[in-house]
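A quick write-up on the structure given underneath.
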Amino acid sequence: MASCSKDDDGMPTDPQTQAKLSAVAVESGSSSSSSARVEVSGFAVSQFSVGTQDVDMKYYAEADLTAGISLGDLQLKSAVNAGLQSSSSSKKSVVLISNGESKFGVIGEGGTPEGNYTEVAFKLYKSTESNANDPMYQKSLLITGEINGKLAQVWTESEKSIRASSKSSTGVDVSENTEMVLQFELDKLFAGVNMGTALDANGDGRIEIGPNSPDGNAAILAKIESNLETAVSLNKR
Ligand SMILES: [Ca+2]
């Protein structure tokens with residue numbers, strides 16, 4: 001039997017399927033996507049938005065998997081030139097919690113090679129195109145809610161890269177309109193942080209946790225930013 005393996009020269013030759021990439025924010029990895037109000041570390045979350053850009057997807061091709069090659073010997077491919085990755089890469093801000101309820105925010109849609117996706121990397125996107133009345137203006141991530149009955153806001157301006165890995169080593173099986181999900185777990189985002197200690201140093205009734213915040217809270221912000229990568233994983237809806 002002749003082998004049909006060839007060297008690829010950049011063009012995706014693997015069979016494609018339509019698929020979608022979205023994002024969601026949940027209280028913890030074990031919580032179901034119920035609409036129960038999200039509360040973590042003494043922080044009752046009412047809004048969560050994140051900006052994304054420059055998505056890079058890694059997968060094991062379906063044809064290689066069905067050929068029975070063991071995962072350890074397989075080459076991880078990048079979905080460059082695929083419609084889903086291009087669509088997902090455009091700069092956008094998506095709303096994941098609104099009025100205390102989680103929802104799925106669409107990041108991209110399009111054709112992509114069939115296979116098992118193990119990793120989706122992206123960069124945070126700091127919104128500059130919106131106007132100053134948009135809560136996301138000049139921010140790459142924004143969480144608002146209440147701490148001890150006071151209005152509270154956490155935000156970042158960083159455009160750091162985040163690599164979301166699948167929880168299983170075999171990855172997310174993508175075929176026939178699969179929806180991949182970047183899942184933000186709030187308990188991991190706030191791990192090691194006691195939001196109850198956040199200060200309203202300037203006494204204006206709002207607790208602000210962000211770069212150059214008039215309230216300080218720099219240590220809390222640094223911890224949340226360093227938690228970001230472990231707080232996001234790749235899942236299937
Ligand atoms: Ca304040």
Exercise. For V174, are the conditions met, namely being within 16 Å of the ligand (Cβ to nearest atom), touching a residue at least 60 places away in the same chain (Cβ under 8 Å) and more than 13 Å from the chain's Cα centre (by Cα)?
Worked result: no
Seminar exercise, completed: Looking across region 196-237 at residues that are in contact (Cβ under 8 Å) with a residue 40 or more places away in the chain and within 8 Å of the ligand (Cβ to nearest atom), the single one that is surrounded by the fewest Cβ atoms within 10 Å (Cβ to Cβ) is G205
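Given the residues D73, D64, D56, which is the only one that is surrounded by fewer than 22 Cβ atoms within 10 Å (Cβ to Cβ), more than 30 Å from G196 (Cα to Cα) and in contact with a strand residue (DSSP E or B) (Cβ under 6 Å, 6 or more places away or on another chain)?
D56
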Exercise. Take the residues of region 1-43 that are under 19 Å from the mean Cα position of the chain (by Cα) and of a type in the set (A, V, I, L, M, F, W, C): which is modelled with the lowest pLDDT?
Worked result: V38
Exercise. Here are some conditions: (1) in contact (Cβ under 8 Å) with a residue 60 or more places away in the chain; (2) over 24 Å from V193 (Cβ atoms); (3) in contact with a Ser or Thr (Cβ under 7 Å, 6 or more places away or on another chain). K126 meets all but one. Which one does it not meet?
Worked result: (2)
Exercise. Quick one: would you say S46 is over 16 Å from the mean Cα position of the chain (by Cα) and either in contact (Cβ under 8 Å) with a residue 12 or more places away in the chain or part of a loop (DSSP other than H, G, I, E, B) (or both)?
Worked result: yes
Seminar exercise, completed: Restricting attention to region 72-90, the residues that are of a type in the set (D, E, K, R) and either without any contact (Cβ under 8 Å) to a residue 60 or more places away in the chain or within 14 Å of S22 (Cα to Cα) (or both) number exactly 1
For this session: Return the pairs, sorted by first residue and then second, in which the second residue is among the acidic types (D, E), the first residue lies in region 100-113 and is closer than 23 Å to P15 by Cβ, the beta carbons are less than 7 Å apart, and the residues are 6+ apart or on different chains.
Result: P113/D14
Problem set entry | Exclusive hit being within 30 Å of D187 (Cα to Cα), among the charged types (D, E, K, R) and crowded, with 17+ Cβ neighbours inside 10 Å, set K91, K103 | K103
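The values are calculated or read from the model by the stated rules, or taken from the named source; none is laboratory data. In this text the structure is predicted, and so the values were computed from the model without any measurement. Positions of Cβ are backbone-derived with ideal geometry, glycine not excepted, and every protein chain shown enters the neighbour counts.
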